[in-house]
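K.L.:
Pasting in a structure now, in structure tokens, and then I'll have a few things to ask.
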Amino acid sequence: MNKTLSRVLFYTGISLYAALLVLPLLTMLSVSFRSDADVYNPSFFPPNFTLEAYQVALEKFPLLRFLGNSLLVSSLVTLGVMLISSCTGYALARINSSVSNIIFALVIGLLLVPGEVTFLPLYIMINRLGWIDSYLALTLPFIASPIGIFLMRQFFKSLPQELFDAARMDGAGHLRMLWHIAMPLATPALGALAALTFLGTWNMYLYPLVVTNSENLRTAQIALRFISSDEAVRYNIVAAAAVIILLPTLIAFLFAQRAFVRGIAMGSLKG
């Protein structure tokens, strides 16, 4: 009886917490389907369902262009992080040397450095290279990820050594072992890394705001800020734009959530 009661209380608490997290999103979704006259209506559901706010947001602002920029930048960064993290993580996990241990210690140290510390040096470097207001500035600085290298190193470290010993006896080198053994087994970890990287890059705000000047290179998060300024009193249009910008990340996470959870769990099995 006590066990059943504790489970009921536990799941009730979890459900209430989840409802508190989802409630702002549902409110934003409700506002986006309202007309200007119904924005301040106290009812939770739209009294007069309409897509007018979405139509105005898409016609007045180049949202598709902003979404395309975010999708391109997030995809390129994600692919770069997966490639570099896989190669580096394999080297740190499977090539035993004092140099590997030193490099791994440096990677751990980089995890402790806040992004604000490197923001100004990064901007100065980008400015000197002449990459301001370009896709290079938005992508290249982020394709080497300490958290990605750490995650992949931990996962490759957890794989049985016997697999690599058998491949080495068949004459396989490190590149073949990485491509034919390690990478196929690393699907959960790669899924988790891809989800983390894509969502993190998509949600970047301050850095893209500083390194881009033209409207053609604005990402979705920056665009939402300008839309909020232009439509300060028309909350339904701002909510509609926010829903459009949120939708790709929500879809990506729903597809990758299983791989995300499995990758985080499996990547932390062995140190």
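Laboratory data are not the source of any read-out in this text; all were calculated from the coordinates shown. All figures in this text were calculated on a predicted structure; none of them were measured in a lab. Glycine also receives a Cβ, built like all others from the backbone with ideal geometry; neighbour counts cover every protein chain displayed.
K.L.:
Magnitude of the Cβ-charge dipole of the stretch 1-118, K/R +1 and D/E -1, about the Cα centre, nearest 20 debye?
P.N.:
520 debye
K.L.:
Tell me which label goes with the value of Rg/Rh (Cα atoms, Kirkwood Rh) computed from the coordinates here: [x] 1.06; [y] 0.95; [z] 0.98.
P.N.:
Recomputing Rg/Rh (Cα atoms, Kirkwood Rh) here gives the entry labelled [x].
K.L.:
Next question, about the same structure. Using the Kyte-Doolittle scale, which helices in the chain average at least 0.0 and also have C-alpha atoms spread 30 Å or more along the helix axis, with helices defined as whole DSSP H runs?
P.N.:
Those that pass (Cα extent of 30 Å or more, hydropathy at least 0.0) are 2-32, 63-94, 235-267.
K.L.:
For the charge dipole of the stretch 117-245, defined by +1 on Lys and Arg C-beta atoms and -1 on Asp and Glu C-beta atoms about the Cα centroid, which residue among G130, T212, T201 has the Cα displaced farthest towards the positive pole?
P.N.:
The residue sitting farthest along the positive end of the dipole is G130.
K.L.:
Might you report the magnitude of the Cβ-based charge dipole of the chain about its Cα centre, with Lys and Arg at +1 and Asp and Glu at -1, to the nearest 20 debye?
P.N.:
With Lys and Arg at +1 and Asp and Glu at -1, about 820 debye.
K.L.:
Quick check: the distance between the Cα centres of the stretch 73-105 and the stretch 3-37, to the nearest angstrom?
P.N.:
So the separation of the two Cα centres works out to 39 Å.
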